[in-house]
Every structure is written in structure tokens, then in C-alpha cells.
Amino acid sequence: MSDHEPWHAVPARRHDASPLSTAGAQVPLGKHRLAPAPDRQPTAAPDAGGVVPADPEGPWPRPVAPGTWVAPGGRGWVRAFTVWSERVPERGEDAEPFVAHHWETRQGLLAVFDGSGGAGSAPAWQSPAGSPRTGAWVGARVARLATDCWFREVALDAEQAEPESLHGYLEYFLSKAPQRRSKIGGTMRRQLPTTLAGVHYRLRDDESVELQPLWAGDSRAYTLHPRDGLQVLTRDHTRESDALELLRSDPPMTNLVCADRAFVVDAQRLAPFPLPLVLVAATDGFFGYVNTPGDFEAVLLETLQRAADEQEWADLVCREVRGYTADDASLALVALGHQSFAALRDLYAPRLVELRDRLGRNRPRALDRSPRAVEGGAHVPEDPAQLGSRVRAWQDQSWHAYRGAYETYLPASSEEHA
């Protein structure tokens with residue numbers, strides 16, 4: 001790729017890079033971490049003809065701040081950031097989130113990858129420093145690489161963004177990746193297992209955007225709308241599909257990306273959405289440890305209102321998720337068509353007021369500590385003997401009011417895959 005191709009990818013700060021050989025090439029699969037926000041400085045768009053790769057040591061223009069970028073595109077601007085947090089440092093099985101935008105064809109992709117540690121806990125590779133890596137760790141990073149290469153083909157060679165072609169890339173790259181056959185068998189075992197969830201988008205001349213979510217497993221993709229709030233675009237590959245029940249239980253996945261068994265990449269094509277719009281992809285470390293599905297939206301909007309710019313928003317989201325999750329957590333966010341960060345923040349302020357009121361009704365005060373997603377509201381008096389039933393009743397009530405808008409674009413249930 002030349003220095004002048006119209007391509008931008010969200011950068012990340014290099015922490016501890018390690019090469020992994022795939023298909024005969026040395027592929028950097030470094031460990032990255034979102035850094036604390038630097039001293040405030042004016043946000044400037046990168047050179048519209050440049051490239052910002054994931055490796056900031058490359059010969060391309062450097063970003064204003066690690067983990068974010070802002071540049072012209074569509075009606076107004078394209079703004080993006082990623083958050084990547086490990087529960088155990090240096091042992092996280094989520095891959096670094098992926099975000100890229102191709103200016104010439106006005107299309108982009110955001111995606112996340114969560115290595116399935118239960119199914120892929122066996123060692124599969126050892127870094128040059130001697131650190132063992134599980135099959136889940138390798139699988140997530142190889143899937144990210146395959147997705148990166150697939151999107152480059154889609155954008156640069158005018159290929160159709162079809163889930164079947166993405167599946168082909170994933171299958172090929174996984175077949176070339178290092179893996180060790182475990183002596184321990186079982187139906188739950190997988191070679192290099194990982195989830196994938198993302199959104200391919202294309203900006204249109206009529207100030208709208210075409211969306212195609214793609215997924216395998218239980219990571220999710222969403223739109224965040226200023227009136228209707230967070231709306232899920234993917235359906236978990238589990239036998240339970242109710243988002244609240246999935247918070248109360250942890251059913252096994254019926255389909256995920258892996259090297260040794262058949263899998264599918266699901267997709268749905270949606271009617272164009274008017275701009276402006278925010279797109280989100282996240283692993284379950286973000287949405288799987290809140291009290292209700294609406295609390296994840298509250299995390300995003302509360303931090304947005306406290307932020308001065310994209311970098312501070314990313315930093316606040318990272319700090320927030322570290323305060324409540326018990327898992328690795330990764331998130332990719334792209335905001336399309338907002339003229340300024342202040343305009344983006346102001347556009348969503350009324351939605352946060354409505355959400356605070358809705359989630360605060362009859363909310364047991366004990367929940368405010370895990371996580372602290374909503375402030376204010378009418379609370380139920382504490383009664384330890386009845387707290388469990390009160391929490392469940394409040395969750396049911398909150399979910400009933402929130403579910404309709406949240407599931408507007410939930411895909412129809414398809415045949416489950418073993």
C-alpha cells in the first residue's frame with residue numbers, strides 16, 4: 001500500500017509487539033492498550049490522502065492522539081475511537097478492535113473479536129519472549145487479520161462485502177495459523193475459537209448510510225440513535241435470544257469462528273439510515289456485566305456528556321468498563337455526519353435525560369454501585385430480605401419499557417448451528 005492511498009485505520013499505541021507467521025508472511029500481532037488522554041490539543045483531521053495504520057511506527061502520517069481519529073467524510077465528519085481493556089494484563093483474549101474507512105469509495109468497517117477462552121483454553125503458540133498463548137488468543141488475532149485483509153479487498157478492488165467472502169478469508173487464515181491438537185476432546189472444544197461482530201457501512205450521496213452487520217458468536221453490533229437510543233443489529237448465536245435473560249445466564253454459543261469445525265458468518269442488509277448516526281461494535285465484557293441492556297447505553301451517553309472531545313470520551317469509556325466488568329472488553333465506535341464533537345454531544349443530551357428517568361424508576365439503590373451508569377431517579381427503599389426480588393422486578397420493568405426500540409433491527413432467528 002502506498003503512502004497516498006485514501007485509507008484511514010484507527011491507530012493504537014504499540015505496547016509489546018510479537019510477530020506471528022501466517023500464510024508465509026510475518027504478521028504483527030502486537031499487544032495494544034488505550035493510553036490515558038494526552039494534554040488537550042485542538043483536534044485536526046489527518047491528511048485526507050494519507051494512511052494511518054495500526055502500527056504507529058510505519059511511514060504514514062501519525063494521528064493526533066492514539067486510539068482516535070477525526071476526518072472529513074459524508075455530511076460533516078467521520079469520527080472514530082476504539083477501547084481495549086484486559087482483565088489480566090498480557091493475557092487478554094480479545095483482539096484489538098478494528099476500524100477503517102476508505103475515503104475514495106466512502107465505505108468503512110468496524111469490528112471486534114473475542115477469543116473464546118472456554119472452548120479454546122489449550123495452548124496454541126508461544127511468543128518469542130516465551131509467553132504461552134491460548135487458542136482463543138491466537139484465533140481472535142488471526143480473525144482480525146483476516147477481516148482486515150478482506151476489507152482491503154472489498155475497498156480497493158471493488159469487491160462486494162459479502163459474508164461468504166469474509167468466511168473464506170477467515171477459513172483460509174485460520175488454516176494457516178499455529179495450532180496444537182489437544183488430547184482433551186469434547187463437544188465444547190474448538191481450535192482457535194473466536195467471536196466476530198462488526199458493521200460494514202457505505203455513505204450515500206443523499207446523506208444516508210447503508211449498513212450491513214456481520215457476526216458469529218455473541219459479540220454484538222449496534223446503532224446509537226439520538227431519538228431511539230441503542231438498537232442491536234445482531235442476534236447472539238445462543239439458544240436464548242432475550243437480552244435480559246442472557247444477562248442472568250451464560251448459555252453456550254451455537255456458532256463461532258474456529259479452525260476445526262464448520263461455522264457461518266451471519267449478515268443482514270438494512271435500508272439506508274439518515275445521517276447523523278453512531279455505530280458501535282462491542283464484546284460481552286461491555287454489555288454482559290450491566291444490570292439491564294439499557295445500562296450499556298447509559299455508559300456510552302454518560303461518558304459522552306462528560307467528555308470534551310473524542311479522546312476523552314474513549315478514555316472515560318475505558319475507565320468506566322474497567323470499573324464494572326469481570327472480563328476482557330473491547331469496543332469500536334464510529335460517529336458519522338456530526339459537524340463537531342460539541343454537536344454530537346448536544347444531539348444526544350435529550351436522550352440521556354430520557355434514559356436516566358426510565359432507568360431510575362424504582363431502581364434499587366444498591367445497583368448504583370455496579371455499575372454506576374445512571375444518576376438520580378426514584379429509588380425503592382432498601383430491604384435486604386427482599387432485595388433480590390426487587391432487583392428482578394425492576395429489571396423486568398425496565399426491560400419491558402426499553403425492549404421495543406432496542407430490538408427494532410434484531411435479525412430474525414435463523415437455524416442454529418452446532
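Of all residues being over 15 Å from Phe263 (Cα atoms) and surrounded by fewer than 18 Cβ atoms within 10 Å (Cβ to Cβ) in segment 153-171, which is modelled with the lowest pLDDT? Just the residue, please. Give the derivation first.
Initial filter on segment 153-171 (over 15 Å from Phe263 (Cα atoms)): 153-162.
With surrounded by fewer than 18 Cβ atoms within 10 Å (Cβ to Cβ) added as a condition, the list becomes 153, 156-160, 162.
Details: Glu153: 95, Leu156: 90, Asp157: 86, Ala158: 81, Glu159: 84, Gln160: 89, Glu162: 96.
Among them, the one singled out is Ala158.
Which fully enclosed strands (runs of 3 or more DSSP E) of segment 209-324 have 1 or more residues being within 22 Å of Asp114 (Cα to Cα)?
Output list reads 220-225, 229-232, 277-282.
Test of understanding: among Leu174, Leu244, which residue is closer than 24 Å to Leu410 by Cβ and surrounded by 16 or more Cβ atoms within 10 Å (Cβ to Cβ)? Spell out how you get there, then give the answer.
Numbers: Leu174 fails: closer than 24 Å to Leu410 by Cβ.
It is Leu244.
What about His237, is it under 19 Å from Leu336 (Cα atoms), modelled with pLDDT of 95 or more and in contact with a strand residue (DSSP E or B) (Cβ under 9 Å, 6 or more places away or on another chain)? Walk me through it before giving the result.
On the way: under 19 Å from Leu336 (Cα atoms): no; modelled with pLDDT of 95 or more: yes; in contact with a strand residue (DSSP E or B) (Cβ under 9 Å, 6 or more places away or on another chain): yes.
Answer is no for this residue.
Only one of Gly285, Gly294 is touching an Asp or Glu at 6+ places or on another chain (Cβ under 6 Å), open to solvent by less than 10 Å² (accessible area, probe 1.4 Å) and not hydroxyl-bearing (Ser, Thr, Tyr); which? Walk me through how you get there before you give the answer.
Values: Gly294 fails: touching an Asp or Glu at 6+ places or on another chain (Cβ under 6 Å).
That would be Gly285, the only listed residue that is touching an Asp or Glu at 6+ places or on another chain (Cβ under 6 Å), open to solvent by less than 10 Å² (accessible area, probe 1.4 Å) and not hydroxyl-bearing (Ser, Thr, Tyr).
Condition check ((1) touching a Lys or Arg at 6+ places or on another chain (Cβ under 9 Å); (2) at negative phi; (3) in contact (Cβ under 8 Å) with a residue 12 or more places away in the chain) across all residues:
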{"site": "Glu240", "(1), (2), (3)": "no, yes, no"}
{"site": "Arg269", "(1), (2), (3)": "no, yes, yes"}
{"site": "Phe273", "(1), (2), (3)": "no, yes, yes"}
{"site": "Pro293", "(1), (2), (3)": "yes, yes, yes"}
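Considering segment 147-161 alone, what residues qualify as being under 25 Å from Gln191 (Cβ atoms) and out of contact with any Ser or Thr (no Cβ under 9 Å at 6 or more places or on another chain)?
Correct list: Thr147, Asp148, Cys149, Phe151.
Of all residues being among the small types (Gly, Ala, Ser) and at pLDDT 95 or above in segment 247-270, which is least open to solvent (accessible area, probe 1.4 Å)? Just the residue, please. Even if it seems obvious, please write down each step before you answer.
Initial filter on segment 247-270 (among the small types (Gly, Ala, Ser)): 249, 259, 262, 267.
Now drop any that are not at pLDDT 95 or above, which leaves 262, 267.
Details: Ala262: 90, Ala267: 37 Å².
For segment 247-270, the residue satisfying everything is Ala267.
Could you say whether any residue in segment 186-197 is charged (D, E, K, R), at negative phi, buried (at least 21 other Cβ atoms within 10 Å of the Cβ) and modelled with pLDDT of 95 or more? Break it down into steps so the answer makes sense when it comes.
Filtering segment 186-197 down to residues charged (D, E, K, R) leaves 189-190.
Among the residues that remain, those that are also at negative phi are: 189-190.
Still in the list and also buried (at least 21 other Cβ atoms within 10 Å of the Cβ): 190.
So of that shortlist, the ones also modelled with pLDDT of 95 or more come out as none.
No - not one qualifying residue is present in segment 186-197.
The values are calculated or read from the model by the stated rules, or taken from the named source; none is laboratory data. No experiment lies behind these values; they were computed from the predicted model shown. Every residue, glycine among them, receives a Cβ derived from its backbone with ideal geometry; neighbour counts consider all protein chains shown. These accessible areas exclude ligands, DNA and RNA; they are computed on the full protein's heavy atoms, side chains included. Shrake-Rupley method; radii C 1.70, N 1.55, O 1.52, S 1.80 Å.
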